[in-house]
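The next block holds one structure in the form of structure tokens; read it before the comments.
The values are calculated or read from the model by the stated rules, or taken from the named source; none is laboratory data. Please read these numbers as outputs of a predicted model, since none were measured by experiment. When we count neighbours, we look across all protein chains shown, and the Cβ atoms used for this are built from the backbone with ideal geometry, even at glycine. Each accessible area value is taken on the protein alone, full model and side chains, heavy atoms only, with ligands, DNA and RNA left out. Shrake-Rupley method; radii C 1.70, N 1.55, O 1.52, S 1.80 Å.
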Amino acid sequence: MQAFGMTVNDLSVAYGDRTAVKNVSLDFAPKQVTALIGPSGCGKSTFLRSLNRMNDLIAGCTVTGEIWIRDQNINSPETDVVSLRQRIGMVWQRPNPFHKSIYENIAFGPRYHGTKNKKQLDEIVEESLRKAALWDETKDRLHNSALALSGGQQQRLCIARSIAVKPDIILMDEPASALDPVSTAKIEELIAELKQDYCIVIVTHNMHQAARVSDKTAFFLSGEVVEYDLTPTIFTNPQRRETNDYITGRFG
Amino acid sequence: MKAKTVDKIATSVIIAIAALIVLVLAGLLGYILVRGLGHVSFHFLTSAPETIRKGGGIGPQLFNSIFLLVLTMIITIPIGLGAGIYMSEYAPSNKLTNAIRLVVEVLSSVPSIIVGLFGLLVLVNLFGFGFSLFSGALALTVFNLPLMVRITEQGLKGVPREQKEASLALGLSKWKTITSVMLPIAMPVILTGTILAAGRVFGEAAALLFTAGMSSPRLDFSDWNPLSPFSPLNPFRPAETLAVHIWKINSEGLAPDAGEIAAGASAVLVITVLLFNFAARWLGRYMYRKFTAIK
Ligand SMILES: Nc1ncnc2c1ncn2[C@@H]1O[C@H](COP(=O)(O)OP(=O)(O)OP(=O)(O)O)[C@@H](O)[C@H]1O
Ligand SMILES: [Mg+2]
């Protein structure tokens, strides 16, 4: 499988006339995990949601700048947003499985995108669940409601759901912050696993998590990227004082 | 006064008011049922009314009410769902759509006798539909449709945003997202609302006096060709519904047992509307559990 990254050029986002993200330029490499950290309200989610044009849904939200995947600027008005989103998976803070069976949660996307064959769908479901380390726990109850799963299992199901449509990039907005430590560890393992195939961008408030799972880290403050570097550098030898203050817990 | 005392007084006042309302309601229902139930029998429910003799039934009226309800729902459900989906998911939020919303609100609260007169002028006379089930169904649509639109809109607005976003993030189209993810979640709300609206249609009289009419032809229940004039299924025949029938025999009934017939018919009407309400609650809860749970 060929891997793709994403390049963000001078991206700004405003809600009405209030700017939430200012002139952010970042480069997300394929097969790497990039962590976005920063105090609450600094625009991490806003930035992340711009990357798959989810902010299009919010009235009054304007996104300017360029977002390049392969050789396409996906932020241009000509982009077919619907098909673009297939290439960018998303995982939310609170698990949000569809009110359907476990099987349907995963088969739903691929079937819409043209896989009608039952056997092929079965394979996609199994493969996605295996990748999300959920197969063993669910293989005997694929047709039960997904809402009967535990929170951690639901979150892994959501990850399985997003990889079932074969995206290039996966965006995660605090994917483990609503989960217990054991489930969190599982999600982190999963991220390390998925990294081999995908470009992953993850927002997190947990410094240890950022340090554990990511290759690069971007520190956001008031809508701007203050510092962007290799994760070890950010956590051991930050160049900017604000970064140091934040990671040592002096504010935020 | 201490906060605790104030709290106690407020609570007892609220309980007293609630109890009063329940009492009035129970009294009303009890009165109608006690007076009417004794008269309800299979014969009463299925036979035709008598004009001057004793022992008439309400068969055709009951049939008319149900048939009119079905007709109204056939008109309102598709249009209401469509308009509700449009208002909730597609309509931009601007002056025009706000104006439409206002009109919809006003429309659903127009007194039904006015709707009836409007139906008489426009549907019955101007468009020449005459006193017919079809005119009646259209008149009922005038206040049922806004309700349907609002119910759909509310149902869809109640769907968690993350559900919608999750579907869009998989690269599904908006329409597919609405039909396959959002509508199933909104369905309990929409269905409950629809049944409650149906209950209101079933009990409506004023809007039908001058549209569906106050009389029925001699129905031939063996003729199911919707085009023949005496067929029960003909939508262009006049049709007196149960509620209209009650009103009519109460005001000008000649049969010696008119009082009892009115009481019996009222009991049937009340029970049916109650059944609608219970069905709505039961179905809403059942579907909610089915869609969210834990089977
Ligand atoms: N839908 C919206 N409409 C208007 N303003 C918004 C909206 N969503 C976010 N904002 C504003 O944009 C700014 C950035 O919010 P955002 O949610 O991106 O922050 P965040 O970094 O993700 O915070 P947290 O860590 O708490 O999740 C905040 O000031 C917030 O109030
Ligand atoms: Mg956030």
### Residue check, B:Thr177 more than 10 Å from chain A (Cβ to nearest Cβ), open to solvent by less than 10 Å² (accessible area, probe 1.4 Å) and either in contact with a Lys or Arg (Cβ under 9 Å, 6 or more places away or on another chain) or hydroxyl-bearing (Ser, Thr, Tyr) (or both)
no
### Message
Quick check on my filter: what residues within segment A:66-95 are away from ligand 1 (no atom under 16 Å from the Cβ) and in a loop (DSSP other than H, G, I, E, B)?
### Response
A:Arg70, A:Asp71, A:Ile74, A:Asn75, A:Ser76, A:Pro77, A:Glu78, A:Thr79, A:Asp80, A:Arg87, A:Pro95
### Task
For segment A:164-180, enumerate the residues that are within 14 Å of the chain's Cα centre (by Cα), within 16 Å of ligand 2 (Cβ to nearest atom) and of a type in the set (A, V, I, L, M, F, W, C).
A:Leu171, A:Met172, A:Ala176
### Within segment B:139-257, helices (runs of 4 or more DSSP H) holding 2 or more residues that are of a type in the set (Lys, Arg)
B:161-169, B:174-177
### Query
When A:Thr243 is evaluated against the numbered criteria (1) in contact with a helix residue (DSSP H, G or I) (Cβ under 7 Å, 6 or more places away or on another chain); (2) closer than 18 Å to A:Leu26 by Cα; (3) outside any helix (DSSP H, G or I); (4) within 16 Å of ligand 1 (Cβ to nearest atom), which criterion, by number, is the only one it fails?
(3)
### Enumeration of residues in segment B:47-62 that are closer than 12 Å to B:Val268 by Cβ and in a helix (DSSP H, G or I)
B:Gly59, B:Gln61, B:Leu62
#### Entry: Residue in segment A:44-61 that is farthest from ligand 1 (Cβ to nearest atom), counting only those that are part of a loop (DSSP other than H, G, I, E, B) and open to solvent by 10 Å² or more (accessible area, probe 1.4 Å)
A:Arg53
#### Entry: Residue that is most open to solvent (accessible area, probe 1.4 Å) [pool: residues in segment B:106-130 that are of a type outside the set (Gly, Ala, Ser) and not in a helix (DSSP H, G or I)]
B:Phe127
### Query
In segment A:29-42, what residues are within 16 Å of ligand 1 (Cβ to nearest atom) and open to solvent by less than 10 Å² (accessible area, probe 1.4 Å)?
A:Thr34, A:Ala35, A:Leu36, A:Ile37, A:Gly38, A:Cys42
### The one condition in (1) open to solvent by 60 Å² or more (accessible area, probe 1.4 Å); (2) away from ligand 2 (no atom under 16 Å from the Cβ); (3) of a type in the set (S, T, N, Q) that A:Ser101 fails to fulfil
(1)
### Message
I'd like to verify a number: residues in segment A:1-11 that are crowded, with 17+ Cβ neighbours inside 10 Å and outside any loop (DSSP other than H, G, I, E, B), how many?
### Response
3
### Task
Filter segment A:8-45 for residues that are within 15 Å of ligand 2 (Cβ to nearest atom) and free of Cβ contacts under 8 Å to residues at least 40 places away in the same chain and give the result.
A:Gly41
### Task
Take A:Ser25 and decide whether it is open to solvent by 20 Å² or more (accessible area, probe 1.4 Å), within 16 Å of ligand 1 (Cβ to nearest atom), away from chain B (no Cβ under 14 Å) and more than 16 Å from the chain's Cα centre (by Cα).
no
#### Entry: Residue that is surrounded by the fewest Cβ atoms within 10 Å (Cβ to Cβ), among those in segment A:104-115 that are free of Cβ contacts under 8 Å to residues at least 40 places away in the same chain and in a loop (DSSP other than H, G, I, E, B)
A:Gly114
